[in-house]
1. Using Cβ contacts closer than 10 Å as the measure, can you line up E172, E81 from fewest to most?
2. Can you work out the Karplus-derived ³J(HN,Hα) for every residue in the stretch 228-244? Use 6.51 cos²θ - 1.76 cosθ + 1.60 with θ = phi - 60°, whole Hz, and x for glycine or proline.
3. I'd like the antiparallel share, as a percent to the nearest 5, of DSSP beta bridges with both residues in the stretch 176-256.
4. Treat every Asp and Glu Cβ in the stretch 37-136 as -1 and every Lys and Arg Cβ as +1, leave all other atoms uncharged, and give the resulting dipole magnitude about the Cα centre to the nearest 20 debye.
5. Stretched out fully, how many nm does the piece from T113 to V149 gain, at 0.36 nm a residue minus the Cα gap?
6. Listing H92, H226 from the residue with the fewest other Cβ atoms within 10 Å to the one with the most, what is the order?
7. If we count every other residue with Cβ under 15 angstrom of E63's Cβ, Lys/Arg +1 and Asp/Glu -1, where does the sum land?
8. Net charge near T119, counting Lys/Arg +1 and Asp/Glu -1 over other residues with Cβ under 10 Å of its Cβ?
Amino acid sequence: MISERPASASRPYIAAALAVAMSVGCALPAYAGPQTLRDGLFGDRPAPGRRATPPVARYVSQEGDAFILDRSQTRAFMKFEGSPEVWVLRPHPAPRGDVIYKNDLGEPMLRATRLGGLTLFTSQRPGGSPAAFAGGGNALRLAPLSPQVLLERLAQASAKATRAARRLIPFEADASPASSAVVADAAIVTAEAVVRLSRDPDGRNLLGRLRKVKLVEGKKPAVALHGSEMRITVSPDDGLAGRPSSDRIMQAAGAH
C-alpha cells in the first residue's frame, strides 16, 4: 500500500544533467522484510556437516570473479567488485532442492545448493563456475538522496555515457523525493549499459542515434526507445527492483 506523500513531495522536481567530469560513486541498495530470503528458502539451520554462511557474504569464483551476495532481505541482490551495478535476483526452485537465481531477463546468474554450494554463471562461463565463501559483506541498500546529490549522480552518469559514446548524452529525470534514490541508481545502471553498448557492434549503431536519456516514474520498471531518446521507467516503491538491469536495457536496444 502506498503511503500518502506530503504536498511538497508530490510535486516532481526536474533534474537535467549534462556531461560533467566527476568520479562515479558506489551503488548502494534496498529494503528488508520480516523474514530473510535465505531462511525462506533453506530454513534457519545449516545442512548437516556444513557451517552456516552469513546472509550477506562475499564470494570468489574459480575464475577470480568476486561478488557480494545479499540474501538478508525479501529479495536477493548481488554486486560484482569493480562494478557499480547491483543485480536483482529472483529465486526459482531447481532439482534436488537447489535454487536458481535469475535476473530480470530470466537468465540464470547463480545456483545455490541445499548443502550451501554456490555456482556463478557468466557470459564467459555459461556452464557455471564454483564460487567459494570468502567472508562477510555489507548489505546492499538504497539510501535517500537530496536533490543536489541526485543532480550529481545524473551528471556522473551523463559523463560516463558521453565518454563511451564520444558524444554528449545528457541525462534528464522527472523525480520526486520518494524516487530520487532509485532514479539515481537507474541512471548509473543506464550509463553502464551505454558503456557495454559501445563495445558491441550492434550497440554502436544504436549509440549513433541516441541523443538523450530520460528517467521517469511509473508503475513498473521498463525501458523503451522513442526516436533518439531512451526512456527508463522506475517504480519507486520497489526499491532496487524498481529499475531495469543493464542487460534489459541492452536487450531493448537490440544488442543483447
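Here, each number is a calculation from the coordinates, and none is a lab measurement. Given the structure is predicted, the values throughout are model-derived calculations rather than measurements. Positions of Cβ are generated from backbone atoms using ideal geometry, with glycine treated the same way; all protein chains shown enter the neighbour counts.
1. On the way: E172 19, E81 10.
Ranking E172, E81 by Cβ neighbours within 10 Å, fewest first, gives E81, E172.
2. With coefficients 6.51, -1.76 and 1.60, one gets 8, 10, 9, 10, 10, 9, 10, 10, x, 5, 9, x, 4, 6, x, 9, x Hz.
3. Details: 5 of 11 bridges.
The antiparallel fraction comes to roughly 45 percent.
4. Numbers: 14 positive and 10 negative charges, 81 e Å.
The dipole magnitude comes to about 400 debye.
5. 8.9 nm
6. Numbers: H92 13, H226 9.
If I rank by nearby Cβ atoms, fewest first, I get H226, H92.
7. Details: positive: R125; negative: D65, E81.
Taking every Cβ under 15 Å from that of E63, the sum is -1.
8. Details: positive: R111, R125; negative: D98.
Neighbourhood net charge equals +1.
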